[in-house]
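This report refers to the structure that appears directly beneath it.
The values are calculated or read from the model by the stated rules, or taken from the named source; none is laboratory data. Being a predicted model, the structure only gives us computed values, none of them experimental. So basically every Cβ, Gly included, is an ideal-geometry build from the backbone, and we count neighbours across all protein chains shown. The area values use the complete protein model at the heavy-atom level, side chains included, leaving out ligands, DNA and RNA. Shrake-Rupley method; radii C 1.70, N 1.55, O 1.52, S 1.80 Å.
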Amino acid sequence: MRIIQCLSKNEAISITASLILEKVKALTNPVIGLATGKTMVPVYLELAKVASEHKTSFDHSFFFMLDEYLTLPENHPSSFRSYINKYVIRPLGINQNQIAFPPVEINEGGEIYERLLKDKGGVDLQLLGIGTNGHVGFNEPGSSIQSRTRVIKLTTETLKANSDQFTDIIPSKALSMGIGTILEAKNLLMLATGITKAEVIKYLLNHHDDPSCPATFLKNHPHFTLILDPEAASKINLNI
Ligand code: GLP
(Lines give C-alpha, C1' and ligand atoms only; values in the text may rest on other atoms or scores of the structure.)
Protein backbone atom coordinates (compact mmCIF):
# COMPACT_ATOMS: atom_id res chain seq x y z
CA MET A 1 0.00 0.00 0.00
CA ARG A 2 1.27 3.46 -0.87
CA ILE A 3 0.15 6.19 1.53
CA ILE A 4 0.19 9.82 0.44
CA GLN A 5 -0.16 12.02 3.48
CA CYS A 6 -1.06 15.52 2.31
CA LEU A 7 -0.46 18.90 3.92
CA SER A 8 -4.01 20.08 3.23
CA LYS A 9 -7.39 18.84 2.04
CA ASN A 10 -6.90 20.82 -1.18
CA GLU A 11 -3.65 19.03 -1.85
CA ALA A 12 -5.31 15.63 -1.26
CA ILE A 13 -8.06 16.52 -3.72
CA SER A 14 -5.69 17.87 -6.33
CA ILE A 15 -3.41 14.79 -6.16
CA THR A 16 -6.42 12.46 -6.48
CA ALA A 17 -7.71 14.35 -9.53
CA SER A 18 -4.27 14.41 -11.14
CA LEU A 19 -3.78 10.64 -10.66
CA ILE A 20 -7.10 10.02 -12.43
CA LEU A 21 -6.12 12.34 -15.29
CA GLU A 22 -2.69 10.71 -15.53
CA LYS A 23 -4.33 7.31 -16.03
CA VAL A 24 -6.78 8.67 -18.61
CA LYS A 25 -3.92 10.22 -20.59
CA ALA A 26 -1.61 7.19 -20.30
CA LEU A 27 -4.00 4.56 -21.68
CA THR A 28 -5.57 4.22 -25.11
CA ASN A 29 -8.91 3.02 -23.73
CA PRO A 30 -8.92 3.72 -20.00
CA VAL A 31 -11.60 2.13 -17.84
CA ILE A 32 -12.21 4.16 -14.71
CA GLY A 33 -14.27 3.06 -11.71
CA LEU A 34 -16.17 5.92 -10.08
CA ALA A 35 -17.26 6.39 -6.47
CA THR A 36 -19.75 8.78 -4.91
CA GLY A 37 -20.03 10.37 -1.48
CA LYS A 38 -19.30 13.85 -0.15
CA THR A 39 -15.54 13.15 -0.30
CA MET A 40 -15.57 12.86 -4.09
CA VAL A 41 -17.51 16.04 -4.91
CA PRO A 42 -14.44 18.36 -4.79
CA VAL A 43 -12.38 15.73 -6.65
CA TYR A 44 -14.82 15.76 -9.57
CA LEU A 45 -14.98 19.59 -9.54
CA GLU A 46 -11.17 19.70 -9.70
CA LEU A 47 -11.09 17.01 -12.39
CA ALA A 48 -13.47 19.03 -14.58
CA LYS A 49 -11.44 22.20 -14.01
CA VAL A 50 -8.05 20.69 -14.82
CA ALA A 51 -9.42 18.63 -17.72
CA SER A 52 -10.87 21.75 -19.29
CA GLU A 53 -7.62 23.72 -18.77
CA HIS A 54 -5.59 20.90 -20.36
CA LYS A 55 -8.27 20.10 -22.95
CA THR A 56 -8.19 16.44 -21.87
CA SER A 57 -10.42 14.21 -23.93
CA PHE A 58 -12.46 11.45 -22.30
CA ASP A 59 -13.78 10.22 -25.67
CA HIS A 60 -11.91 6.91 -25.44
CA SER A 61 -12.62 6.30 -21.76
CA PHE A 62 -15.23 4.03 -20.22
CA PHE A 63 -16.60 4.39 -16.69
CA PHE A 64 -18.10 1.95 -14.21
CA MET A 65 -20.09 3.08 -11.21
CA LEU A 66 -19.16 1.30 -7.97
CA ASP A 67 -22.64 1.00 -6.50
CA GLU A 68 -26.24 2.23 -6.57
CA TYR A 69 -29.24 2.25 -4.27
CA LEU A 70 -32.08 -0.16 -4.95
CA THR A 71 -35.68 0.94 -5.52
CA LEU A 72 -34.99 4.55 -6.53
CA PRO A 73 -36.43 5.81 -9.80
CA GLU A 74 -33.59 6.48 -12.28
CA ASN A 75 -34.02 10.26 -12.15
CA HIS A 76 -34.28 10.45 -8.35
CA PRO A 77 -32.16 13.43 -7.21
CA SER A 78 -30.38 11.33 -4.55
CA SER A 79 -29.51 8.38 -6.81
CA PHE A 80 -25.84 7.86 -7.58
CA ARG A 81 -26.77 8.16 -11.25
CA SER A 82 -28.01 11.72 -10.65
CA TYR A 83 -24.84 12.48 -8.66
CA ILE A 84 -22.60 11.17 -11.46
CA ASN A 85 -24.63 12.98 -14.12
CA LYS A 86 -24.17 16.22 -12.21
CA TYR A 87 -20.50 15.94 -11.22
CA VAL A 88 -18.96 13.74 -13.91
CA ILE A 89 -21.01 13.11 -17.06
CA ARG A 90 -22.15 16.66 -17.83
CA PRO A 91 -18.97 18.55 -16.76
CA LEU A 92 -16.63 16.14 -18.59
CA GLY A 93 -18.84 15.87 -21.67
CA ILE A 94 -19.13 12.10 -21.38
CA ASN A 95 -21.67 10.25 -23.48
CA GLN A 96 -24.26 8.03 -21.70
CA ASN A 97 -22.92 5.04 -23.67
CA GLN A 98 -19.50 5.50 -22.04
CA ILE A 99 -20.71 4.63 -18.56
CA ALA A 100 -22.30 1.65 -16.84
CA PHE A 101 -24.32 1.66 -13.63
CA PRO A 102 -25.13 -1.42 -11.55
CA PRO A 103 -28.43 -2.63 -13.07
CA VAL A 104 -30.56 -2.30 -9.95
CA GLU A 105 -33.85 -2.87 -11.74
CA ILE A 106 -33.21 -6.55 -12.59
CA ASN A 107 -32.82 -9.59 -10.34
CA GLU A 108 -29.59 -10.89 -11.89
CA GLY A 109 -28.07 -7.38 -11.90
CA GLY A 110 -24.93 -8.51 -10.08
CA GLU A 111 -24.05 -11.27 -12.59
CA ILE A 112 -24.81 -9.00 -15.55
CA TYR A 113 -22.55 -6.27 -14.17
CA GLU A 114 -19.72 -8.75 -13.55
CA ARG A 115 -19.97 -9.92 -17.17
CA LEU A 116 -19.87 -6.34 -18.45
CA LEU A 117 -16.79 -5.61 -16.33
CA LYS A 118 -15.06 -8.64 -17.91
CA ASP A 119 -16.18 -7.67 -21.44
CA LYS A 120 -14.59 -4.25 -21.01
CA GLY A 121 -11.31 -5.83 -19.88
CA GLY A 122 -11.70 -4.85 -16.21
CA VAL A 123 -11.15 -1.55 -14.43
CA ASP A 124 -7.79 0.22 -14.82
CA LEU A 125 -8.26 2.62 -11.93
CA GLN A 126 -10.93 2.29 -9.24
CA LEU A 127 -11.60 5.39 -7.20
CA LEU A 128 -12.78 4.65 -3.64
CA GLY A 129 -13.98 6.41 -0.54
CA ILE A 130 -14.40 4.77 2.84
CA GLY A 131 -17.36 4.64 5.22
CA THR A 132 -16.84 5.41 8.91
CA ASN A 133 -17.49 1.70 9.58
CA GLY A 134 -14.87 0.61 7.04
CA HIS A 135 -17.25 -0.09 4.19
CA VAL A 136 -16.01 0.23 0.63
CA GLY A 137 -18.58 0.75 -2.11
CA PHE A 138 -21.45 -0.65 -0.06
CA ASN A 139 -19.53 -3.68 1.22
CA GLU A 140 -20.63 -3.46 4.80
CA PRO A 141 -18.84 -5.13 7.74
CA GLY A 142 -19.15 -8.90 7.36
CA SER A 143 -18.43 -8.79 3.61
CA SER A 144 -15.90 -11.38 2.47
CA ILE A 145 -12.75 -10.90 0.43
CA GLN A 146 -14.29 -13.08 -2.32
CA SER A 147 -17.58 -11.14 -2.49
CA ARG A 148 -18.87 -10.21 -5.95
CA THR A 149 -21.39 -7.61 -7.19
CA ARG A 150 -24.53 -8.24 -5.16
CA VAL A 151 -27.41 -6.73 -3.23
CA ILE A 152 -26.36 -5.59 0.24
CA LYS A 153 -28.51 -4.56 3.19
CA LEU A 154 -27.16 -1.27 4.53
CA THR A 155 -26.24 -0.91 8.19
CA THR A 156 -27.82 1.63 10.53
CA GLU A 157 -24.50 3.51 10.64
CA THR A 158 -24.38 3.86 6.84
CA LEU A 159 -28.05 4.82 6.60
CA LYS A 160 -27.46 7.51 9.21
CA ALA A 161 -24.26 8.81 7.55
CA ASN A 162 -25.94 9.06 4.13
CA SER A 163 -29.40 10.21 5.22
CA ASP A 164 -28.51 13.90 4.69
CA GLN A 165 -28.46 13.18 0.94
CA PHE A 166 -32.18 12.33 1.05
CA THR A 167 -35.19 14.54 1.65
CA ASP A 168 -37.38 11.41 1.62
CA ILE A 169 -36.70 7.90 2.93
CA ILE A 170 -33.25 6.46 2.22
CA PRO A 171 -33.33 2.99 0.57
CA SER A 172 -32.19 0.19 2.86
CA LYS A 173 -30.45 -1.85 0.14
CA ALA A 174 -27.92 -1.26 -2.62
CA LEU A 175 -26.23 -3.15 -5.45
CA SER A 176 -22.46 -2.87 -5.04
CA MET A 177 -19.35 -4.30 -6.64
CA GLY A 178 -17.98 -6.86 -4.18
CA ILE A 179 -14.59 -6.76 -2.48
CA GLY A 180 -13.40 -9.53 -4.82
CA THR A 181 -14.63 -7.50 -7.79
CA ILE A 182 -12.89 -4.33 -6.58
CA LEU A 183 -9.65 -6.23 -5.96
CA GLU A 184 -9.58 -7.19 -9.66
CA ALA A 185 -9.15 -3.54 -10.70
CA LYS A 186 -5.57 -2.91 -11.80
CA ASN A 187 -5.14 0.08 -9.48
CA LEU A 188 -7.06 1.21 -6.40
CA LEU A 189 -7.12 4.86 -5.37
CA MET A 190 -8.75 5.61 -2.03
CA LEU A 191 -9.27 9.13 -0.71
CA ALA A 192 -10.19 9.90 2.90
CA THR A 193 -10.66 13.44 4.15
CA GLY A 194 -11.98 14.97 7.34
CA ILE A 195 -11.89 14.18 11.03
CA THR A 196 -14.85 11.74 10.77
CA LYS A 197 -12.53 9.35 8.88
CA ALA A 198 -9.59 9.53 11.34
CA GLU A 199 -10.69 6.56 13.47
CA VAL A 200 -11.42 4.21 10.55
CA ILE A 201 -8.11 5.13 8.88
CA LYS A 202 -6.25 4.29 12.07
CA TYR A 203 -8.11 0.97 12.21
CA LEU A 204 -7.39 0.27 8.53
CA LEU A 205 -3.67 0.81 8.98
CA ASN A 206 -3.47 -1.42 12.06
CA HIS A 207 -5.54 -4.38 10.88
CA HIS A 208 -5.37 -6.91 8.05
CA ASP A 209 -8.03 -9.10 6.44
CA ASP A 210 -10.58 -8.07 9.03
CA PRO A 211 -14.20 -8.62 7.85
CA SER A 212 -15.43 -6.13 10.47
CA CYS A 213 -13.62 -3.46 8.41
CA PRO A 214 -13.85 -4.59 4.74
CA ALA A 215 -11.39 -1.86 3.63
CA THR A 216 -8.59 -3.91 5.28
CA PHE A 217 -8.94 -6.51 2.47
CA LEU A 218 -7.74 -3.91 -0.03
CA LYS A 219 -4.29 -3.98 1.55
CA ASN A 220 -3.76 -7.28 -0.32
CA HIS A 221 -3.77 -5.34 -3.60
CA PRO A 222 -0.33 -4.67 -5.12
CA HIS A 223 -1.33 -1.21 -6.36
CA PHE A 224 -3.41 0.33 -3.60
CA THR A 225 -2.84 4.05 -3.02
CA LEU A 226 -4.37 5.75 0.01
CA ILE A 227 -4.52 9.55 -0.01
CA LEU A 228 -5.13 11.30 3.30
CA ASP A 229 -5.69 14.89 4.32
CA PRO A 230 -4.29 16.03 7.70
CA GLU A 231 -7.58 15.43 9.56
CA ALA A 232 -8.08 11.89 8.25
CA ALA A 233 -4.44 11.16 9.11
CA SER A 234 -4.62 12.78 12.55
CA LYS A 235 -4.80 9.50 14.50
CA ILE A 236 -2.00 7.68 12.75
CA ASN A 237 1.69 7.90 13.27
CA LEU A 238 3.64 7.74 10.04
CA ASN A 239 7.12 9.01 9.56
CA ILE A 240 6.74 10.40 6.07
C1 GLP B 1 -21.22 5.76 0.50
C2 GLP B 1 -20.67 5.15 -0.79
C3 GLP B 1 -19.20 4.91 -0.69
C4 GLP B 1 -18.51 6.10 -0.06
C5 GLP B 1 -18.96 6.26 1.36
C6 GLP B 1 -18.35 7.45 2.05
O7 GLP B 1 -21.91 4.91 1.28
N8 GLP B 1 -21.33 3.95 -1.17
O9 GLP B 1 -18.69 4.64 -1.98
O10 GLP B 1 -17.12 5.92 -0.07
O11 GLP B 1 -20.34 6.36 1.42
O12 GLP B 1 -19.03 8.61 1.72
P13 GLP B 1 -18.60 10.06 2.14
O14 GLP B 1 -17.54 10.45 1.17
O15 GLP B 1 -19.85 10.88 1.98
O16 GLP B 1 -18.11 10.01 3.52
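List every DSSP H helix in the chain whose Cα atoms extend 24 Å or more along the helix's own long axis and whose mean Kyte-Doolittle hydropathy is at least 0.0.
9-26
What's the carbon and sulfur percent of the stretch 10-100's accessible surface, probe 1.4 angstrom, rounded to a whole number?
Answer for the stretch 10-100: carbon and sulfur cover 51 percent of the accessible area.
Just to be sure I understand: with springs between alpha-carbon atoms less than 10 Å apart, which residue in ILE227, ILE89, ILE169 has the highest mean-square fluctuation in the Gaussian network model of the chain?
Among ILE227, ILE89, ILE169, the largest mean-square fluctuation in the Gaussian network model of the chain belongs to ILE169.
Taking Rh as the Kirkwood radius, which is the inverse of the mean 1/r over Cα pairs, what is the Rg/Rh value for the stretch 1-137?
Reported Rg/Rh (Cα atoms, Kirkwood Rh): 0.95.
With unit charges on the beta carbons (Lys and Arg positive, Asp and Glu negative) and the dipole taken about the Cα centre of the chain, which residue among SER82, SER234, LEU34 sits farthest to the positive side?
Toward the positive end, the furthest listed residue is SER234.
Please state the charge dipole magnitude for the stretch 172-220, taken about the Cα centre, from unit charges on C-beta atoms (+1 on K and R, -1 on D and E), reported in debye and rounded to the nearest 20.
Here the size comes out at about 140 debye.
At 222 nm, what helix-only mean residue ellipticity would the chain give, in deg cm²/dmol to the nearest 500, using -39500 (n - 2.57) for each DSSP H run of four or more?
-8000 deg cm²/dmol
Report Rg/Rh for the stretch 59-98, rounded to two decimals, where Rg is the Cα radius of gyration and Rh the Kirkwood radius. Walk me through the numbers before you get to the answer.
Working: Rg = 10.6 Å, Rh = 10.9 Å.
Over the Cα atoms of the stretch 59-98, Rg/Rh equals 0.97.
Quick one: putting +1 on the C-beta of Lys and Arg, -1 on the C-beta of Asp and Glu, what dipole do you get for the stretch 97-162 around its Cα centre, in Debye to the nearest 20?
Charge dipole of the stretch 97-162: 80 debye, to the nearest 20.
Using only the alpha-carbon atoms of the stretch 90-240, report the extent along each of the three principal axes, biggest first, to the nearest angstrom.
Principal extents (Cα only, largest first): 45, 38, 35 Å.
Near the amide H of PHE63, under 5 Å away, which other amide H atoms are found, from residues 5 or more places off or on another chain, if H is placed in the peptide plane?
Under 5 Å from the amide H of PHE63: ILE32, ILE99, ALA100.
Measure off, as a whole percent, the carbon and sulfur share of the 1.4 Å-probe accessible area of the stretch 150-234, all protein chains present.
55 percent
Using only the alpha-carbon atoms of the stretch 175-227, report the extent along each of the three principal axes, biggest first, to the nearest angstrom.
29, 25, 21
Taking the dipole about the Cα centre of the stretch 1-63, with the C-beta of Lys and Arg at +1 and of Asp and Glu at -1, give me whichever of ILE20, ILE3, SER61 is farthest to the positive side.
Of ILE20, ILE3, SER61, it is ILE3.
Given the C-alpha centroids of the stretch 1-76 and the stretch 197-213, what is the distance between them in whole angstrom?
24 Å
GNM, the chain, Cα, under 10 Å: largest mean-square fluctuation among ALA192, ALA161, ALA174?
Result for the chain, Cα springs under 10 Å: ALA161 fluctuates most.
Positive end of the dipole of the stretch 1-112, charges at C-beta (+1 Lys, Arg; -1 Asp, Glu), about the Cα centre: which of ILE99, PRO73, ILE112 has its Cα farthest in that direction?
Comparing the listed Cα positions along the dipole, ILE99 ranks first.
Suppose every K and R has +1 on its Cβ and every D and E has -1 on its Cβ; what is the size of the dipole of the stretch 1-145 about the Cα centre, in Debye to the nearest 20?
For the stretch 1-145, the charge dipole is close to 500 debye.
Name the long-range amide H neighbours of GLY142: under 5 Å, sequence gap of 5 or more, or other chain; modelled H, no Pro or chain starts.
SER212, CYS213
Once you have the Kirkwood Rh of the stretch 21-64 from its Cα pairs, apply Stokes-Einstein at 25 °C and 0.890 mPa s and quote D in µm²/s.
220 µm²/s
I want the antiparallel fraction of DSSP beta bridges within the stretch 14-145, as a percent rounded to 5.
Numbers: 1 of 9 bridges.
DSSP beta bridges in the stretch 14-145 are roughly 10 percent antiparallel.
Restricting to the chain, compute how many DSSP beta bridges are antiparallel as a %, nearest 5.
That works out to approximately 30 percent antiparallel.
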